[in-house]
Amino acid sequence: MVSVRRSTVIDAPIAAVWEVLRDFNGHDRWHPAVDRSRVEGGGRSDRVGAVRDFVLTGGERLRERLLALSDKEHSFRYSIVESEIPLQNYVAEVSLKPVTDGDRTFWSWSSRFETPAGRERELAALVAEGVYEAGFEAIRDRVEGRGGTLPAPAVAPAGDAIEGLAMVIDRHGGPEELHPARVAATVPGPGQVRLRQTAIGVNFIDVYCRTGCFDLMTPPGALGMEAAGVVIDVGPSVRHLSPGQRVAYACPPVGAYATRRTMDAALVLPLPDGIDDETAAAGLLKGMTAEFLLHRVHRLQGGETVLVYAPAGGVGRLLCQWAKHLGATVIGATSSEAKARIARAAGADHVILPGRESLEAQVRALTGGRGAEVIYDAVGRDSFAHSVAALADCGHLVSFGQASGPIGAWDIGALASNSATISRPNFGHYTDTPEKVAAITGRLFEAIERRILSVEVGRRYPLTEAAAAHRALEGRETTASTILIPEEDSP
């Protein structure tokens, strides 16, 4: 990962500098490297989620998404979603601070990104000098000596705790342990946000938390790691969210099975206009998982053969769609012809069903004896040995779930038979900072808006029927994604 940071002092009031910089689509009017720019779909250029499509004077095309903007803090954050210059997972922040001595402005411009091997120094210099330093000089020429006024401050939260309804457990156990309880969403403190939730995602990690398989919560408490909703109010120091804004999250701590919630705001993100609440609740955690599995854990290449378990499920469908778009040959492994039809519709070239031949024999028959270059296995205990046997030489097994139970102890020496690589990624390690979440969701939202990915809601349950949703999930009765809807008469 490459980090670039440059700063300067502009001899002009902060309001004058901010007036120019806050126009996310205005850089073609002041930056010497930008030829022309437009906001996709029209609309305001200061809208969080806006994408600017621009061309540099050298002819290269880029598309960047506005991730956050604060008039109070005079800052904004953005990411590259597509670029003809190989700046990968690029996230940048522009921040202004007043310098009281002479009414001047301190300007910091920073970014983190990845590059092809061997080009780190070249591309770091391009960003630092060709973008940041050149931008400093252009703004200095434009605004030095001009005046301006500061924007109005944001309104601080006020009021008392708001009562709501949550589905909680008092002890680890089966779905029957889920029951409704009254909860209070407190006034947000520093760094917190209070939400009115409109749609809640149901994921297998919720089952692991309910049973105690994963040590992510100690009863009593509410389950759930994913939801969408509307900001009621924010606490001090929260810069990227504002009351009335549509938002979503997929992160610990658990507690999403609720109508109202107060939580840390750092990993709560604004939703683009093109992503509705149900799509966000159904697809954020699963889509973020698919993104890091395909682009970070194993960077899937066109021409590779990929095996996806549970291809009709929430993550599986997204893996099939995205892998097919990336040019892979996709094999799905599922339990019924009905689910096989869903997998084929999602992009699977072949689907394996239980039969007289083993999974690995069927994979090798489909690949001319070679096996799969990468396998995405969320089943665990019942599938692991078959997955190892189905790998091509030097193949990569990504074991990212354990629906059938833990895989148990394995002799690493056995993997030498095909020089296998094994990964066991943890969602939290790929999504634990705002920068990581911005990079992943920038690519995810882009894929949804361009219809590379279609997020389907398979089942909807009222929040108070969360136990029924868990039974269906554990019974392998579901396809696509399951969500909970807070009842309209719930507080």
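A compact table of results
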quantity: Karplus-derived 3J(HN,Hα), 6.51/-1.76/1.60, for each residue of the range 416-422, Hz, glycine and proline x; calculated: 5, 4, 9, 6, 6, 10, 10
quantity: Furthest towards positive pole of dipole, 37, 306, 14, structure part the chain, Cβ charges; calculated: 306
quantity: Long-range lysine pairs (8 or more apart or interchain), the chain, Cα under 30 Å; calculated: 8
quantity: Gain on full stretching of the segment that runs from residue 170 to residue 471 - 0.36 nm per residue minus C-alpha separation; calculated: 106.5 nm
quantity: Charge dipole (debye, nearest 20) of the chain; +1 at Cβ of Lys and Arg, -1 at Cβ of Asp and Glu; calculated: 380
quantity: Net charge of neighbours whose Cβ lies under 12 Å from the Cβ of residue 36, counting Lys and Arg as +1 and Asp and Glu as -1; calculated: +1
quantity: Loop-located GluC sites (Glu not before Pro) in the range 352-388, at most 16 other Cβ atoms within 10 Å (DSSP); calculated: 357
quantity: Sum of side-chain charges, residue 348 neighbourhood, beta-carbon under 11 Å (Lys, Arg +1; Asp, Glu -1); calculated: +4
quantity: Amide hydrogen neighbours beyond the local backbone of residue 24, cut-off 5 Å, H modeled; calculated: 46
quantity: Dipole magnitude (debye, nearest 20) for the range 2-143, charges at Cβ of Lys, Arg, Asp, Glu; calculated: 280
quantity: Helical mean residue ellipticity (222 nm; -39500 (n - 2.57) per DSSP H run of 4+; nearest 500) of the chain; calculated: -6500 deg cm²/dmol
quantity: The range 23-100 - charge dipole about Cα centre, Lys and Arg +1 at Cβ, Asp and Glu -1, debye rounded to 20; calculated: 180
quantity: The chain - percent relative contact order, Cα under 8 Å, separation 6 or more; calculated: 13
quantity: Qualifying trypsin sites (Lys or Arg not before Pro) for the range 437-478 [loop in DSSP, other Cβ within 10 Å: at most 15]; calculated: 450, 451, 476
quantity: Charge dipole of the range 2-143 about the Cα centre (unit charges at C-beta), most positive-ward option of 98, 48, 130; calculated: 48
quantity: Phi-based couplings in Hz for the range 376-388 (Karplus 6.51, -1.76, 1.60; Gly and Pro marked x); calculated: 9, 10, 9, 8, x, 3, 6, 10, 4, 5, 5, 5, 4
quantity: Furthest towards positive pole of dipole, 232, 330, 482, structure part the chain, Cβ charges; calculated: 330
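No lab work stands behind these numbers, since they all come straight from the coordinates. Fair warning: this is a prediction, and the values are worked out from it, not measured in the lab. No Cβ is skipped: glycine too gets one built from the backbone with ideal geometry, and neighbour counts run over all protein chains shown.
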